[in-house]
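Participant: Have a look at this one.
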Amino acid sequence: LAELRTKKVAQACPLCRSELPPGLDGLFDLAFRAFCRISGMVQRGEASWASLPAAEQEEMEEVIAMLTEAAAQGHISANYDLGFALEFVRQDFDGAEVAYRAAIAVDPGDANAHFNLGL
């Protein structure tokens, strides 16, 4: 994203065409807020990860795309959240394992990533 901004490429999300948040932290915050909103729906029993309504499923795909980008750019918390989203939303256990291991590589003391890997 930073490279695209320096080249004056349109600063819009390729998925929804919304204006991109400022910088890496903005990208992570945008993804995390959407993730927390949908996670709250699941925790309150309004939906389940396996049967999210279409709008929320689409939003979670956008969240996964944003977390993937934030993790690739080195955001310290993005890998764990990406692993959680892959594990519970997509049931992509291999992808989740890779993300959790990346979280541990960035922060060896990440207890949540260790727990989710069973380490």
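The values are calculated or read from the model by the stated rules, or taken from the named source; none is laboratory data. Keep in mind that this is a model prediction, so the values were computed, not measured. Cβ atoms come from the backbone with ideal geometry, glycine included; neighbour counts cover every protein chain shown. Note: accessible area is taken over every heavy atom of the protein model, side chains too, but ligands, DNA and RNA are not part of it. Shrake-Rupley method; radii C 1.70, N 1.55, O 1.52, S 1.80 Å.
Participant: Quote to one decimal, in nm, the extra length available between ASP107 and CYS36 on full extension: 0.36 nm per residue of separation minus the C-alpha distance between them.
Facilitator: Full extension from ASP107 to CYS36 adds 23.4 nm.
Participant: Give me the one-decimal nm value for the distance between modelled label points at SER18 and GLU46, 7 Å along each residue's Cα-to-Cβ direction.
Facilitator: Inter-label distance under the simple model: 1.6 nm.
Participant: Along the Cα→Cβ direction, 7 angstrom out, place labels at ARG90 and PHE115. What is the inter-label distance in nm?
Facilitator: Using points 7 Å along Cα→Cβ, the separation is 2.4 nm.
Participant: When ranked by the protection proxy of mean other Cβ atoms within 10 Å per residue, highest first, what sequence do the peptides 53-60, 76-83 form?
Facilitator: 76-83, 53-60
Participant: Pop a pseudo-label 7 angstrom from the Cα along the beta-carbon direction at both ASP29 and GLU62 and give the gap in nm to one decimal.
Facilitator: 1.7
Participant: Per the 1.4 Å probe, what fraction of the accessible area of the range 66-119, in percent, lies on carbon and sulfur atoms?
Facilitator: Ligands and nucleic acids excluded, carbon and sulfur reach 57 percent.
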